[in-house]
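Take a look at the structure below.
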Amino acid sequence: MNEAALQIQHLELSFGDQNLFHDFNLRLETGEKITLVGPSGCGKSTLLRCILGFVMPDAGDIRVFGEPLTPASAWTLRPRMAYVPQEPELGSGSVRAAIENIFSYRSNRHLQGNLERVPELLERLLLHTGILDKQTSDISGGEKQRIALLLALLLDREILLFDEVTSALDARAKEAVIQMLIDLKSVSMLGIAHDQEWLSFADRVVDMAEAKEAVI
Amino acid sequence: MNNIINIDPLHLGAGYLLLLLPLGLLLWLRVPILGQTLTAVLRMTLQLLFVGFYLQFIFDLNNHWLTGAWVLVMVGVADFSIIRGCRLRLRRVWLPVFVALVLGTVVPLLYFILLILGGEKAMHAQYLIPISGLILGNCLRADIIGLRTFYTNLKTSEKNFELTLAQGASLYEASRPYIREACEAALAPNLATISTVGLVSLPGVMTGVILGGGNPMVAIKYQIAIMIAIFSGTAITVISALHLCIRNNFLDGGILDPEVFSVKLGNKRIKS
């Protein structure tokens, strides 16, 4: 069997007396697109935070391209992933500054050439280049989501983790985003969504409530 | 100093009678700080009495070791006050804050004593202790504002902080905006004081030199030097405290350790 982009085995996590994950398993193949669904509070967002190393499970194993995720290895594994939350904060200043800022991080400096792709990506996300000079506080929630998505795409990561990233978009913008993601053939994707578009575009839909009951 | 008017104990005792006016007004308005005020005045009196006797003893002895020990005691008390003021857990931050206070006090103190005042006389406890106290008092205030701003902003922007880490930032890179905000908040009161000094009020050192019989030109030279020392000290201590705290207040994965706070600030880990 090929090495999975992401493999979660026997994950156990509880908060106080609430058992969030019990023997939870999930495998994301390279290039595979999985949409996670399930009722709120079932642990979808927490799962993404576990994969990013922000929440350490009580037991179980998370592997990213075969490498076990630990607090120490999270630093080297995070640059292989990109994460877009539902309500991304872009900091203060202009949108241009927010975009340029991520390339000031040491681990992203070698990707600075990707800034040339900004106009093309903006167009594909149905955003005008004039948005670059706007203040992040002046743009709408939907625009913020698309800029955060643009940041994730500029980083050329192998795994994309999305938490309801199109929740504030209209149908046309949502379609544009999904078409873009479909074109990323080699990129693995794990996204939380409830929209029909996401359900039909995904290679697999995983219902978290059911997945907790059975080994996937 | 011989020109100064001494206050005899009887007159000082009579000075307390002035308090009757504000206390009466507070009582009349039922402002619930009467007990607090009385305790504060009593504490102030006892602390200053103790310090007065003790400083007289230290000045008379003028022993460098004893002076150094007294400065360290002052740093230790400031350290505890900062940690308590920021509601942080003592065992997690006492050392970084202590080191930051020592740096913020000793560096400008030595600069002031050795370079600006110069000479053997400047090494006298009579100079060392009041000047270090002035610098330290300001460092204490700046550290409380700086650390409190840093941790509060970090806590309220936890998701943004995680996003920054997820975008590939190192712990220091992700903390940088919060360090910047904390430094700005901590140094702002000092900057405001510097820019209005002499216009809004006559500052302490200047007043002290004038009351001690010095002429105003001597007083302003002291004041300028001490304000530069205070600003340098506060900047050094805040920047050092933040950087040293970052080193041991985060979990391995880059998340702020909730154990740093002495009060519970919510769930240890956020649920979806």
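The values are calculated or read from the model by the stated rules, or taken from the named source; none is laboratory data. From a predicted model like this one, the values you see are computed outputs, not experimental measurements. In this analysis, Cβ positions are derived from the backbone assuming ideal geometry, glycine residues included, and neighbour counts consider all displayed protein chains.
Of the numbered criteria (1) touching a residue at least 60 places away in the same chain (Cβ under 8 Å); (2) within 26 Å of B:Ala169 (Cβ to Cβ); (3) more than 14 Å from chain B (Cβ to nearest Cβ); (4) not hydroxyl-bearing (Ser, Thr, Tyr), the one A:Leu184 fails is (1). Across the range A:40-85, what is the total count of residues that are buried (at least 20 other Cβ atoms within 10 Å of the Cβ), facing another protein chain (nearest Cβ under 7 Å) and over 19 Å from A:Arg157 (Cβ atoms)? Number of matching residues: 4.
The set of residues from the range B:2-37 being more than 30 Å from B:Gly214 (Cβ to Cβ), aliphatic (A, V, I, L, M) and touching a residue at least 12 places away in the same chain (Cβ under 8 Å) comprises B:Leu19, B:Leu23. For the subset of the range A:86-113 comprising residues that are of a type outside the set (A, V, I, L, M) and touching a Phe, Trp or Tyr at 6+ places or on another chain (Cβ under 8 Å), which member is nearest to the other protein chains (Cβ to nearest Cβ)? Across the range A:86-113, the extreme among qualifying residues is A:Arg109. A:Thr129 meets the conditions (1) more than 14 Å from chain B (Cβ to nearest Cβ); (2) out of contact with any Pro (no Cβ under 7 Å at 6 or more places or on another chain) in every case but one. The failed one is (2).
Counting only strands (runs of 3 or more DSSP E) that sit completely within the range A:3-114, those holding 3 or more residues that are within 16 Å of the chain's Cα centre (by Cα) and under 25 Å from A:Gly141 (Cβ atoms) correspond to A:33-37, A:81-84. When B:Ile239, B:Ile194 are checked against the criterion of being within 23 Å of the chain's Cα centre (by Cα), more than 14 Å from chain A (Cβ to nearest Cβ), at pLDDT 85 or above and surrounded by fewer than 18 Cβ atoms within 10 Å (Cβ to Cβ), B:Ile194 stands alone in meeting it. Note on the range B:77-106: residues that are surrounded by fewer than 22 Cβ atoms within 10 Å (Cβ to Cβ), more than 23 Å from B:Leu256 (Cβ to Cβ) and modelled with pLDDT under 95 amount to 2.
When restricted to residues that are without any contact (Cβ under 8 Å) to a residue 12 or more places away in the chain, farther than 30 Å from B:Tyr151 by Cβ and aliphatic (A, V, I, L, M), the range B:181-215 contains 4.
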